[in-house]
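The values are calculated or read from the model by the stated rules, or taken from the named source; none is laboratory data. From a predicted model like this one, the values you see are computed outputs, not experimental measurements. No Cβ is skipped: glycine too gets one built from the backbone with ideal geometry, and neighbour counts run over all protein chains shown. Side chains are part of the model used for accessible areas, which takes the heavy atoms of the whole protein and leaves out ligands, DNA and RNA. Shrake-Rupley method; radii C 1.70, N 1.55, O 1.52, S 1.80 Å.
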Amino acid sequence: MQYFSRSVLALALAAMGHGALANVTELEITKIEPFAEGHAFGGAGAYERVTAVAHGELDPADPLNRGIVGLQQAPRNAHGKVNYQTEVFLLRPAKASAGNGKILYEVNNRGGKFLLHWVLDAPGKGGSFSNDPRALEDAGNGLFFRQGYTIVWSGWDADTPAGFMRMQVPPTLDENGKPVVRTIREELVSGTRFPVQPTLSLSFATTDTNPAHATLSVRERESDPSRVIPATEWEYVGNNKVRLLPEGTAFAPGALYELRYLATGSKVQGIGFAATRDVVSFLRYYNQPRPTEVLAVGISQSGRFLRDFIGQGFNQDEGHRIVFDGVLSHIAGVGRVFLNYDFAQPGRTSTQHEDHYAPENEFPFASVAEKDPVTGKTGQLLRGDGFDPLLIELNTSTEYWQKGASLLHTDPLGQRDLKLPDTTRVYMIAGTQHAGRVGLSTKPGACVNPTNPHSSAALLRALVTDLDQWVSHGEQPPANHVPTLAAGTLVASEQTGFPDIPGMTIARHNNQLMIGSNWLQRPEPLPKLPYRTLVSRVDADGNEVGGIRMPDIAAPLATYTGWNEYNKPYPIGELCDRNGSFVPFAATRAQRLEKKDPRLSIEERYTGREDYLNKVRAAANTLVKERFLLTEDVDAYVNNAGKLYDALVNGKTAP
């Protein structure tokens, strides 16, 4: 093993005139090995994998750490500090001088590495992530490797399973120095975000496995009254799972089960923010050669982490230096993470149907100061303390329907557009669902409509490049591109003008954001006034007119939405988690008329395949000029469009 200890670094860095160390006391390098068998990525050359463990300590008395819930009661080391350790993983140029001197840090999502699959089109392994990149295919199209970034991940969630990025933090202690034990509520759902299972797992272990000392109830929808399930009709499996009785009784798909039970195992999870701050600061300020800039990317939960990281002041390290110069938050809506709490559950995410009152959507939402008529608070996401990063927030249609994304650029009641600061950008990707990436299927799953296969990866690649130019050279990225009240493109969900498409179930109501009183008890909205969240108006085809229309939306062969609804036996009429819909046009006029489809057929729109591909290429070239697409991605877009055209005109639903 190789070690970089605090004492050795302190001597070396003092001679170099650096300031105080970041609170990483030791970076334990466990392995350095070639990546992609030494393949050379252009001028950046070969890359290597670096696996490490960062050991750190936090001073509970430091004002920058005082907001971490449970830190004051946590066990101290001999220096009066609180210890933690976290896994670190790097993909870096084997020859440092061949790189671009910049760090691209991805906040992992529930311990998983998303960047390579979601942004670079590498194969997804084990689902939506690529956790152990070794082969050339794991680099995807290789863009960030060719550009010479050092790509970094580190753990921030102490509850992730083995094989994912992990960290260790101390338990939450009570006033007597014992692990906290208290009654909490747990929401359990079967078959929506995970496959149907005979048992449902709890976030925390129970200290009392007698069902008579707990309460399990069920309701179909959030607003429905609950029905208590008698203690004789369910049981614990071990101390962290439950099942219905008699054994083999299935949980109703999509129903909301609520368990109130005596729980233990809470950890000081807010350390995850400080650990990220300190690991990145360590790599930034105590690495040779010293990186010139540090960019951060977060996707979904990770994007919410970055919003919370900024809002809670963690972009300033304990040496009073900036951590991230630029941040790209993707598909986060206005959310944060359920992390800096007792009995934190960062894996939860709030939607219309599920985890509705999870503590995710918290004012302030926008990057500009606003008065909140719901809570009476005044605030803004950016702190104005000199440590705010340049910020790009990118969302799909889904985040407008499920995650309140319109509140990034309107007042809390959706009555006026906001003038945002020049240091931020907000964009919406029209006609795209939350998890838009390479390789998606149109199979409905639990939804009623075929799901949306549209990928946002090419736009993400362009925006990371734009963010780099903004940070490195002060080159402003494209102007904000979202639906607005002023343009008449931002409307209530029941006023989109969506056409009546035969055979398609149409959602009419988006998720209304409301603040709950206490997730760990039975949350009630406080006060009973929702924020007014809005969505994009659509054209005659049902495709959104606001936001960035990628080539396959600008020159469409189908209707693409960011919403879908559940199908039986799931709760009918509820939004189908974060899925979109995909409904192709009829191939011919005759087929259209037979179906009574109001949308023009493919043959009525284009004179043939060449005409269609010319229109796709023209739309792509326009996006290149606007800096929403890289030149190298144009041909791939046209080729993929050709495959979809061939499939649809030949009666298939997708390639």
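Here are some notes:
- Annotation: of all residues in the stretch 101-115 being assigned to a loop (DSSP other than H, G, I, E, B) and over 22 Å from Arg146 (Cβ atoms), the one that is most open to solvent (accessible area, probe 1.4 Å) is Arg110.
- Scan of the stretch 456-485 for residues that are in contact (Cβ under 8 Å) with a residue 40 or more places away in the chain, part of a loop (DSSP other than H, G, I, E, B) and of a type in the set (Gly, Ala, Ser), ordered by number: Ser456, Ala479
- Residue ID - farthest from Asp646 (Cα to Cα), chosen from residues in the stretch 554-603 that are open to solvent by less than 20 Å² (accessible area, probe 1.4 Å), among the aromatic types (Phe, Trp, Tyr) and assigned to a loop (DSSP other than H, G, I, E, B): Trp563
- Of the numbered criteria (1) under 28 Å from Arg522 (Cα atoms); (2) part of a strand (DSSP E or B), the one Ser329 fails is (1).
- Looking only at the stretch 412-431, residues that are open to solvent by less than 10 Å² (accessible area, probe 1.4 Å) and either in a loop (DSSP other than H, G, I, E, B) or of a type outside the set (A, V, I, L, M, F, W, C) (or both) come to 6 in all.
- Checking Ser154 against (1) surrounded by fewer than 22 Cβ atoms within 10 Å (Cβ to Cβ); (2) within 27 Å of Ala40 (Cα to Cα), the condition it does not meet: (1)
- The residue of the stretch 363-385 that is most open to solvent (accessible area, probe 1.4 Å), among those that are part of a loop (DSSP other than H, G, I, E, B) and free of Cβ contacts under 8 Å to residues at least 40 places away in the same chain, is Lys377.
- Here Ser128 passes the criteria (1) in contact with a helix residue (DSSP H, G or I) (Cβ under 7 Å, 6 or more places away or on another chain); (2) over 19 Å from Val50 (Cβ atoms); (3) of a type in the set (S, T, N, Q); (4) at pLDDT 95 or above except the one numbered (4).
- The condition of being without any contact (Cβ under 8 Å) to a residue 40 or more places away in the chain, of a type outside the set (Gly, Ala, Ser) and either part of a loop (DSSP other than H, G, I, E, B) or open to solvent by 80 Å² or more (accessible area, probe 1.4 Å) (or both) holds for Pro225.
Each row is one residue, and each column tells you yes or no for (1) in a loop (DSSP other than H, G, I, E, B); (2) of a type in the set (Gly, Ala, Ser).
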site	(1), (2)
His117	no, no
Ala122	yes, yes
Gly127	yes, yes
Glu175	yes, no
Thr183	no, no
Glu186	no, no
Thr192	yes, no
Pro195	yes, no
Pro198	yes, no
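- Lone unmet requirement of (1) buried (at least 24 other Cβ atoms within 10 Å of the Cβ); (2) farther than 30 Å from Pro571 by Cα; (3) not hydrophobic (A, V, I, L, M, F, W, C) for Gly319: (1)
- Meets criteria (open to solvent by 10 Å² or more (accessible area, probe 1.4 Å), assigned to a loop (DSSP other than H, G, I, E, B) and either of a type in the set (S, T, N, Q) or in contact (Cβ under 8 Å) with a residue 24 or more places away in the chain (or both)) for Gly148: no
- Single residue of Gly326, Gly333 found to be at pLDDT 95 or above, open to solvent by less than 10 Å² (accessible area, probe 1.4 Å) and more than 30 Å from Glu26 (Cβ to Cβ): Gly333
- Flag for Val280 being assigned to a strand (DSSP E or B) and open to solvent by less than 10 Å² (accessible area, probe 1.4 Å): no
- Set Val545, Val535: member being crowded, with 24+ Cβ neighbours inside 10 Å, within 26 Å of the chain's Cα centre (by Cα) and closer than 28 Å to Arg416 by Cβ: Val535
- Residue in the stretch 341-355 that is farthest from the chain's Cα centre (by Cα), counting only those that are closer than 30 Å to Arg166 by Cβ and open to solvent by 20 Å² or more (accessible area, probe 1.4 Å): Asp342
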